[in-house]
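Chemist: Before anything else, here's the structure in question.
The values are calculated or read from the model by the stated rules, or taken from the named source; none is laboratory data. Source: prediction; values computed, not measured. Because the Cβ atoms are built from the backbone with ideal geometry, glycine has one as well, and the counts that use them run over all protein chains shown.
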Amino acid sequence: MIARPRDAAGLVLIRAAKKGAPEILIGRRPAKMGFLPGIHVVPGGRVDPEDSLAGPGLPHPAIVSQLGARWAAFINAALRETFEETGLLYGRPKSGPIAGHSGPFWEAYRGQEWMPDYASLDYLCRAITPVTSKRRFNTRFFLGDGEMAAGSLAGNGELEDLVWIPVTGLGALNLVDVTEYVLKTAIRRWDSGIPVGTEAAKLLNYRNDILQLTTMRKP
């Protein structure tokens, strides 16, 4: 029986370095993990029901159009998982109340007088794991400026060896093909200064265990 992919989201954070190449936040999945053990990944994880409640503000209209009615669930999942796995809150100083939102993720925003900045996030791609995988995910990946991530690297232990690594050092890491594509796309957009919402996200899935890249249809 083919497992149904679960909705998930991930966040690529890139920041300018004081010297040299820009840096990307990367962690390694513990060897005991049942899915992709020992692999280097960006922060991310499953979409939870509470992720559907949007904070103040909106993403770029083109990204809302690509993600559809559930845009908040995907983006909030990426931000929440990043907070849980790295201790960093992505956003900007709070300019208004975040009413009706509960849980450690939203409490952290309130405690730091911070709020999500949806408009600054770009949509990189959507990736679906192969049908042969025991655990399958339908993951949306986003790109944000690492300078907008507040806090100190800590996390809940789901990612080990958390580090801001120069993009020139990515070749030494243990990456899967999807992560390689996501990082390559993120670096190109960052280096080229491509405005948020300019490029449509691609769909990555597998046919006979070979990665395919296609244009997505609107939800």
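Chemist: How do the pairs read when you match residues in the stretch 89-111 that are in contact (Cβ under 8 Å) with a residue 60 or more places away in the chain with residues anywhere that are among the polar types (S, T, N, Q), using Cβ under 9 Å and keeping only pairs 6 or more apart or on different chains?
Modeler: Listed by first residue and then by second, the contacts come to L89/T82; L89/Q112; Y90/T82; Y90/S120.
Chemist: Could you list, in sequence order, all residues of the stretch 138-157 that are of a type outside the set (G, A, S) and at pLDDT below 90?
Modeler: Residue satisfying the conditions is N156 alone.
Chemist: Working only within the stretch 142-200, note down all residues that are more than 21 Å from K19 (Cβ to Cβ), of a type in the set (V, I, T) and not in a helix (DSSP H, G or I).
Modeler: Passing the criteria: V176, I194, V196, T198.
Chemist: Within the stretch 177-195, count every residue that is in contact with a strand residue (DSSP E or B) (Cβ under 9 Å, 6 or more places away or on another chain) and over 13 Å from F142 (Cα atoms).
Modeler: Qualifying residue count for the region: 4.
Chemist: Right, another one. When both residues are 6+ apart or on different chains and their Cβ atoms are under 8 Å apart, which pairs have a first residue that lies in the stretch 51-67 and is touching a residue at least 60 places away in the same chain (Cβ under 8 Å), and a second that is surrounded by 16 or more Cβ atoms within 10 Å (Cβ to Cβ) and of a type in the set (K, R)?
Modeler: Note: pairs meeting the criteria are L67/R140.
Chemist: Considering A127, A119, which residue is touching a His at 6+ places or on another chain (Cβ under 8 Å), within 24 Å of P61 (Cα to Cα) and either assigned to a helix (DSSP H, G or I) or touching a residue at least 12 places away in the same chain (Cβ under 8 Å) (or both)?
Modeler: A119
Chemist: Of the residues A154, A127, A149, which is exposed (fewer than 15 other Cβ atoms within 10 Å of the Cβ), of a type in the set (A, V, I, L, M), closer than 23 Å to A8 by Cα and under 20 Å from the mean Cα position of the chain (by Cα)?
Modeler: A154
Chemist: In addition: Search the stretch 87-116 for residues being part of a loop (DSSP other than H, G, I, E, B) and aliphatic (A, V, I, L, M), and hand back the single one that is farthest from L162 (Cα to Cα).
Modeler: Looking at the filtered set, the residue picked out is A99.
Matching residues to (1) of a type in the set (A, V, I, L, M, F, W, C); (2) farther than 23 Å from L67 by Cα:
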residue: V167; (1), (2): yes, yes
residue: E180; (1), (2): no, no
residue: A186; (1), (2): yes, no
residue: G193; (1), (2): no, no
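Chemist: For the stretch 1-35, give me the residue count where each residue is in contact (Cβ under 8 Å) with a residue 24 or more places away in the chain and either under 26 Å from D145 (Cβ atoms) or not in a loop (DSSP other than H, G, I, E, B) (or both).
Modeler: Residues flagged as in contact (Cβ under 8 Å) with a residue 24 or more places away in the chain and either under 26 Å from D145 (Cβ atoms) or not in a loop (DSSP other than H, G, I, E, B) (or both) within the stretch 1-35 amount to 22.
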